[in-house]
Amino acid sequence: MTRPTDEPLLSVRNLKTEFVLDEGTVKAVDDVSFDVHPGEVVGIVGESGCGKSATIKSVLRIIEKPGRISSGSIIFQKPGEQPVDLVTLDQRGKHMRAIRGGDIALIPQEPMAAFSPVHTIGNQLIEAIRLHQKVSKQQARDIAIERLKDVSMPNPEQSLKNYSWELSGGLRQRAMIGMALSCRPSLLIADEPTTAIDVTTQAQVLDLLRKLRQQHNSAIIFITHDLGVIAQLADHVVVMYLGRVMESAPIDDIFHRPQHPYTQALLQSIPTLKTVNRSVLPTIDGSIPHPFTRPAGCPFFNRCKDAMPGTCDRHAPEAVNVSATQLVSCFKFQSDGSMERHK
Amino acid sequence: MLQYIIKRLLLLPLLLFIFTIIAFILIQAPPGDFLTSYIAELAASGSSMDRAQIDALRTLYGLDQPMVIQYFKWLGRLLTGDLGVSLDWQRPISELIGDRLTLTLLLGGGTFIFTWLIAIPIGILSATRKYSFFDYFFTVFNYIGVATPTFMTALVLMWISFKYYGINISGLFSAEYVDAPWSLARTLDLLKHLWLPIVILGMDGTARLARVMRANLLDELNKPYMEMARAKGMSEWRLVMKYPVRLALNPLVSTIGWYLPLIFSGSVIVATVMNLPTIGPMLLRALISQDMYLAGTIILIYMVLAVIGTLISDILLVWLDPRIRMEKTG
């Protein structure tokens, strides 16, 4: 699949987000760039602590102190409207709040914790609608029921009166997705939306997201550590490691022509139908360095089988285009003079 | 919800019955009775009573009867609404405590409102502006508030106002109104005096409550629902007030129960120091002189207040937290 050629809906460039703590500064997001086109599903994959969540929180501008975006830009452009750099907006200001929830909506990791336990689903859904649309409570309630029908919620009227803890995990996540969709956002950000639910329900939620995307052509940024989920849903994949983008490519390239040693290692650690029964799955040696003791150079070099001493442990590689759509951040490709350097 | 409240109300009479027994046992617990301490008092002032007189009084007051009989006589009178006569003051108890009870309620209620009105906003602002100047200022202030005994504050303030302004701030009325019947002027005079004891009595509670509110709210401020509310585009102030403050208040509401009787008993020392005509000092005197019916009545009132307080906080909690509501009714 080739990437759509129209203007990107969201364009993140050289984003850096850091958390200034007493123990030191954690660079949670380090020079991350990627694009999301209208109607496209971009998967961000990586292990825990690789900066996936920090990246999307930066996009939503809900990074709280002591975290802050230190540089970069996040250009958001609704089709037919002026582009706006979200980084320049006041985090708590009116403009950003109108975009948040209105144009860019979040589907959180744990719907149980993301709903207030002492307010009904309806209360929170209607609130989300009325924050962005000038409608009466009754109209908002009708919209809420409509959205719950969109996400195939059984008995939507009743669920409005329920509290989140009265629903099953799957229904809770449906209600959450319904809430995210309440204002027809052009970009949905799903932060590991299937982590907290069982596999059967997971499949249902993924189906639902696929269906919604077809119906409303909304773009989705899908965050997960599960490559299997990515394979089912994403058009384009961004592989992150310790706050940096290792590889960024269309889904087919990632799965069939992975270039970065980290991507390759990740894929090898997934069992496939071809895997011999009872054989030991390859794992990536070592563990992710602690954010405070982050190595100089490429963050992955101490676990990389292709690491080149003297290069990888000294300098950070820049992202290089290995094809028109595939970007790799590795010195293996930088040494090749024919490779065109990415801006 | 309604069913739950009715259930609780039906339990009240049983509780009250048990309380009368406890109250009666408590006031009978010290050795001797009213007459022994009365005789001791007389002896201390140099006069005495002869044997026959003492026996006559003992029969008159029913003190010669077994405890169980005394108890049921007392209970019987209580049920008809007769609180009995104070042995010490020789006046009906209802008449004796009526005015004091009103003033105590006024003082206690005022202190309570003052405490919550000041402490909750301080707690909220401290938590949302954690480690700011405001937060540090009130942290220090709260430590001082918790650490200073209220009677000490009362004494210091009384001394300062007397020494530097020549004003006597004890009591709840100016001299000309102390024994005057209730009138508009007397009420205004009361209000003029009431605020200072309220501030003094409320300082300790305010400091405690603000600290608890700050801690509770800090726990809530990192919850994922905060992030979700932000992601929805809610303004910060609105979402803080709607979600975490609401959840942080829940545990506090359940403390109203024991806060209510605490206001009444807790003010004994301050009321004594400041010469406030409230119920605390009267209980103290009744206990010392073994004025059993008066002491019993006051203790009973404390217990009733504790029950009412608990009931209020239970109802509030059920109203505030649907999770409890479901558990109780479902």
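The values are calculated or read from the model by the stated rules, or taken from the named source; none is laboratory data. These figures come from a predicted structure and were not determined experimentally. Every residue, glycine among them, receives a Cβ derived from its backbone with ideal geometry; neighbour counts consider all protein chains shown. Note: accessible area is taken over every heavy atom of the protein model, side chains too, but ligands, DNA and RNA are not part of it. Shrake-Rupley method; radii C 1.70, N 1.55, O 1.52, S 1.80 Å.
General remarks:
- Check on residue B:98, under 29 Å from residue B:301 (Cα atoms), surrounded by 14 or more Cβ atoms within 10 Å (Cβ to Cβ) and of a type in the set (Gly, Ala, Ser): no
- Single residue of region A:244-285 satisfying the filter (among the charged types (D, E, K, R) and part of a loop (DSSP other than H, G, I, E, B)) that is nearest to the chain's Cα centre (by Cα): A:257
- Within region B:303-330, being in a helix (DSSP H, G or I), within 14 Å of chain A (Cβ to nearest Cβ) and not hydroxyl-bearing (Ser, Thr, Tyr) holds for B:316, B:317, B:318, B:319, B:320, B:322, B:323, B:324, B:325, B:326, B:327.
- Complete set of residues in region B:174-220 that are touching an Asp or Glu at 6+ places or on another chain (Cβ under 9 Å) and buried (at least 17 other Cβ atoms within 10 Å of the Cβ): B:177, B:189, B:214
- Answer residue from region A:103-115, given it is open to solvent by 10 Å² or more (accessible area, probe 1.4 Å) and more than 14 Å from residue A:56 (Cβ to Cβ) and is nearest to the other protein chains (Cβ to nearest Cβ) among those: A:113
- Residues being within 13 Å of another protein chain (Cβ to nearest Cβ) and open to solvent by 40 Å² or more (accessible area, probe 1.4 Å) are represented in region B:251-274 by at least one member.
- The number of residues in region A:116-146 being part of a strand (DSSP E or B) and open to solvent by less than 10 Å² (accessible area, probe 1.4 Å) comes to 0.
- Condition check for residue B:300: free of Cβ contacts under 8 Å to residues at least 40 places away in the same chain, part of a helix (DSSP H, G or I) and closer than 16 Å to residue B:93 by Cβ: no
- Residues of region A:187-200 that are surrounded by fewer than 17 Cβ atoms within 10 Å (Cβ to Cβ) and among the hydrophobic types (A, V, I, L, M, F, W, C): A:199 alone.
- Any hit, region A:189-199, residues being within 13 Å of chain B (Cβ to nearest Cβ), part of a helix (DSSP H, G or I) and closer than 14 Å to residue B:228 by Cα: no
- Any hit, region A:201-217, residues being open to solvent by 20 Å² or more (accessible area, probe 1.4 Å), more than 22 Å from the chain's Cα centre (by Cα) and modelled with pLDDT under 90: no
- Residue match in region A:50-59 (condition: more than 8 Å from every other protein chain (Cβ to nearest Cβ), under 30 Å from residue A:226 (Cβ atoms), of a type in the set (D, E, K, R) and open to solvent by less than 50 Å² (accessible area, probe 1.4 Å)): yes
- Scope region A:33-49; condition in contact with a helix residue (DSSP H, G or I) (Cβ under 9 Å, 6 or more places away or on another chain) and open to solvent by 30 Å² or more (accessible area, probe 1.4 Å); matching residues: A:47, A:49
- A residue that is surrounded by fewer than 14 Cβ atoms within 10 Å (Cβ to Cβ), within 19 Å of the chain's Cα centre (by Cα), at pLDDT 90 or above and not basic (Lys, Arg) can be found somewhere in region B:107-124.
- The number of residues in region A:75-101 that are within 21 Å of residue A:35 (Cβ to Cβ) and either within 11 Å of chain B (Cβ to nearest Cβ) or touching a Ser or Thr at 6+ places or on another chain (Cβ under 7 Å) (or both) comes to 7.
- A residue that is out of contact with any helix residue (DSSP H, G or I) (no Cβ under 6 Å at 6 or more places or on another chain), part of a strand (DSSP E or B), of a type outside the set (S, T, N, Q) and touching a residue at least 40 places away in the same chain (Cβ under 8 Å) occurs somewhere in region A:321-331.
- Given (1) free of Cβ contacts under 8 Å to residues at least 40 places away in the same chain; (2) touching a helix residue (DSSP H, G or I) at 6+ places or on another chain (Cβ under 7 Å); (3) farther than 26 Å from residue B:62 by Cα, number of the condition residue B:326 does not satisfy: (2)
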